[in-house]
Amino acid sequence: MHDIRLIRDDPASFDAALARRGVEPVSARLLTLDTHRRDVATRTQESQNRRNEASKAIGQAMGKGDKETADALKAEVARIKDDLPALEAQGRELDEALHDALAALPNLPMDDVPLGADEADNVEVDRWGTPPSFSFTPKEHADLGPALGMDFETGAAIAGARFTFLRGAMARLHRALGQFMLDLQTGEHGFTECAPPLLVRDEAVFGTGQLPKFSEDLFRTSDGRWLIPTAEVSLTNAARDSILTALPLRMTALTPCFRSEAGAAGRDTRGFIRQHQFEKVELVTVCKPQDSAAEHERMVAAAEAVLRALQLPYRKVLLCTGDMGATARKTFDLEVWLPGQNAYREISSISNCGDYQARRMNARYKPEGAKRTEFVHTLNGSGLAVGRTLVAVLENYQDEDGSVRVPDVLKPWMRGIERLIPGG
């Protein structure tokens, strides 16, 4: 969501920032709509004021015995009362039209975000770890998994494509990853554990930016609620319609996530990477505007800590303007090395959204000594996606016999299981 006052002050800069995201100039159209809206609001206020003045004048005229003036004033009040509903309705329509036009626009990228059209223009910032070498040709997880308890056929039979049934040690390893991540984020990185709703209302999904443009990527229930695509929706909306006093607010949750993947047809149809239902440890920070850049770096480090503890090689990438999500001002992706694919694949995306979501949610704080409140900044990221981390463990820790070693940091959650064995 954007502030129309800032657009009034510098429409050229607003259009230039949007142009970096491939959006055509819109400030002229927005300002025309805003001018019309303000004109109607002024006329409405003037009519209301005149109605009140004329109503008082009627009594004064009657007190003086001036029936002619009183009757003329009564007729004027009646006309104003007749005209006001249409004027007020027009004002509401224009308010809504401007709101919807602003809400449909993506966030403005920060100045240091590289210009680009798609993922090919992203910029690698750093790498950590050395991809493992194998004396054999490493397999993809989709080939390893079925013998170890990753049952694609049963998942599809129960629920359809992009659903998977995990069994035995594979299911335990999946759970161990989620618990390890959650304990790491709450213990070492200071995030407060939360157990948020998985079903949310329209205004919550609007607040974090999935509505109105991305409804096709979501699942909706028969009573009009939405299944969360990520705990970002529930956690960030905890600040909705609030004036916060204790900042920063750092929250984390391990939840199921649900995505229709309507915009990903034909991508990653094989295996466990792109599912309709998956689990993720979400990280959300709500903070003062001047702190959001430092909080962004802090959140990236918290996500990197998971990969380092698991000894999984990865690279850190700064997304370009064309590959960044609509709500973000700046995004770092972490891409984990998958030996079976011989490629780095996204496992975490950490974004600074500035005040974009806060404006949609009316989430504010009051700076010390200030008379007025200001909008907070919100940030979100994965710490990490559990299923994709499971994929990375399977591929990086595999042996030639098809077994998979359990990373040392996960063993406390595995109850003595140190290796996933085919058929075991």
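The values are calculated or read from the model by the stated rules, or taken from the named source; none is laboratory data. Keep in mind that what you see is a predicted model, and the values were worked out from it rather than measured. In this analysis, Cβ positions are derived from the backbone assuming ideal geometry, glycine residues included, and neighbour counts consider all displayed protein chains.
Return yes or no: is residue 73 hydrophobic (A, V, I, L, M, F, W, C), assigned to a helix (DSSP H, G or I) and more than 18 Å from residue 326 (Cβ to Cβ)?
Against the criterion (hydrophobic (A, V, I, L, M, F, W, C), assigned to a helix (DSSP H, G or I) and more than 18 Å from residue 326 (Cβ to Cβ)), residue 73 qualifies.
For the range 147-242, list the helices (runs of 4 or more DSSP H) that sit wholly inside it and hold at least 1 residues that are under 29 Å from residue 107 (Cβ atoms); which are they?
Ranges flagged: 168-187, 202-207, 232-236.
Under the condition of being over 14 Å from the mean Cα position of the chain (by Cα) and under 21 Å from residue 199 (Cα atoms), which residue from the range 259-273 is modelled with the highest pLDDT?
Looking at the filtered set, the residue picked out is 260.
Keeping to the range 1-25, report how many residues are assigned to a loop (DSSP other than H, G, I, E, B) and within 24 Å of the chain's Cα centre (by Cα).
8
Need pairs with beta-carbon distance below 8 Å; first residue among the hydroxyl-bearing types (Ser, Thr, Tyr) and within the range 1-28, second exposed (fewer than 14 other Cβ atoms within 10 Å of the Cβ) and part of a helix (DSSP H, G or I); sequence gap 6+ or separate chains.
27/12
Could you tell me whether residue 98 is closer than 20 Å to residue 30 by Cα and touching a residue at least 60 places away in the same chain (Cβ under 8 Å)?
Against the criterion (closer than 20 Å to residue 30 by Cα and touching a residue at least 60 places away in the same chain (Cβ under 8 Å)), residue 98 qualifies.
Looking at 112, 39, which one is surrounded by fewer than 15 Cβ atoms within 10 Å (Cβ to Cβ), part of a loop (DSSP other than H, G, I, E, B), among the acidic types (Asp, Glu) and modelled with pLDDT of 95 or more?
Result: 112 is the single residue among 112, 39 that is surrounded by fewer than 15 Cβ atoms within 10 Å (Cβ to Cβ), part of a loop (DSSP other than H, G, I, E, B), among the acidic types (Asp, Glu) and modelled with pLDDT of 95 or more.
With 358, 343 as the choices, which residue is touching a strand residue (DSSP E or B) at 6+ places or on another chain (Cβ under 9 Å) and touching a residue at least 40 places away in the same chain (Cβ under 8 Å)?
358
Can you name the condition, by its number, that residue 197 falls short on among (1) at pLDDT 95 or above; (2) buried (at least 18 other Cβ atoms within 10 Å of the Cβ)?
Unmet for residue 197, out of (1) at pLDDT 95 or above; (2) buried (at least 18 other Cβ atoms within 10 Å of the Cβ): (2).
Looking only at the range 48-80, filter to residues that are of a type in the set (Lys, Arg) and loosely packed, with under 12 Cβ neighbours inside 10 Å; which one of those is nearest to the chain's Cα centre (by Cα)?
Among residues in the range 48-80 that are of a type in the set (Lys, Arg) and loosely packed, with under 12 Cβ neighbours inside 10 Å, the one nearest to the chain's Cα centre (by Cα) is 56.
Could you please find all residues in the range 387-402 being surrounded by fewer than 20 Cβ atoms within 10 Å (Cβ to Cβ) and either touching a residue at least 40 places away in the same chain (Cβ under 8 Å) or in a strand (DSSP E or B) (or both)?
400, 402
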